[in-house]
1. Is it the case, given these coordinates, that Val87 is surrounded by 13 or more Cβ atoms within 10 Å (Cβ to Cβ) and either free of Cβ contacts under 8 Å to residues at least 60 places away in the same chain or among the β-branched types (Val, Ile, Thr) (or both)?
2. Loosely packed, with under 15 Cβ neighbours inside 10 Å and in a helix (DSSP H, G or I): which single residue out of Thr28, Thr45 fits that description?
3. List pairs: first in segment 41-63 and more than 21 Å from Leu97 (Cβ to Cβ) and free of Cβ contacts under 8 Å to residues at least 40 places away in the same chain, second among the polar types (S, T, N, Q) and in a helix (DSSP H, G or I), Cβ under 7 Å, 6+ apart or cross-chain?
4. Among the candidates Ser55, Ser32, Ser66, which residue alone is over 26 Å from Phe16 (Cβ atoms) and at pLDDT 90 or above?
5. Any residue that is farther than 23 Å from Arg138 by Cα and at pLDDT below 90 - is there at least one of those in segment 75-90?
6. Which one of Gly143, Gly130 is at positive phi and surrounded by 15 or more Cβ atoms within 10 Å (Cβ to Cβ)?
Amino acid sequence: MKKLMTIDEGKKMSRFSLFARQAGQYYTVGASGVGINLGILFVLTDLAGFWYVASQIIAILISISSNFFFNRFWTFKSSIGDQRNSVMYMKFIIVSLCGMGIQLGITYSLVESASLYYMYAAAVGIVIAGAMNYIVNRRWSFGIKF
């Protein structure tokens, strides 16, 4: 027998669907950010001759900025209220830098303590930090209620 959905159940499913869709878009944007980051790192280090640490700092800042704009105008565009872009951007940078610290900490811990291959450890760190970044950015940076 088919059960009819109540209005409240429908709203919960709709919110969950929005959350899941935005999570997918957020991770798609994140993947593009990884590509941007690695591309800029390669160009600045191997082609332009910059020191790799300076290249990495520039690459991270550019990828954080591109991720913010893609998330602002694609992932969360229909859910954002009247916040100013500059406020959202500063919050996004803070969250992204915290996420970067979490990712690096997880990667280092797994490599040094568990002797996990660094690429696998980095993938674990990216997934965990990415999930935290998504939840915090969605709520705090972009002001979207659950």
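The values are calculated or read from the model by the stated rules, or taken from the named source; none is laboratory data. Since this is a predicted model, take the numbers as computed values, not measurements. Heads up, the Cβs are rebuilt from the backbone with ideal geometry, glycines too, and the neighbour counts pull from every protein chain shown.
1. no
2. Thr28
3. Thr45/Ser55
4. Ser66
5. no
6. Just a single option satisfies the conditions, and that option is Gly143.
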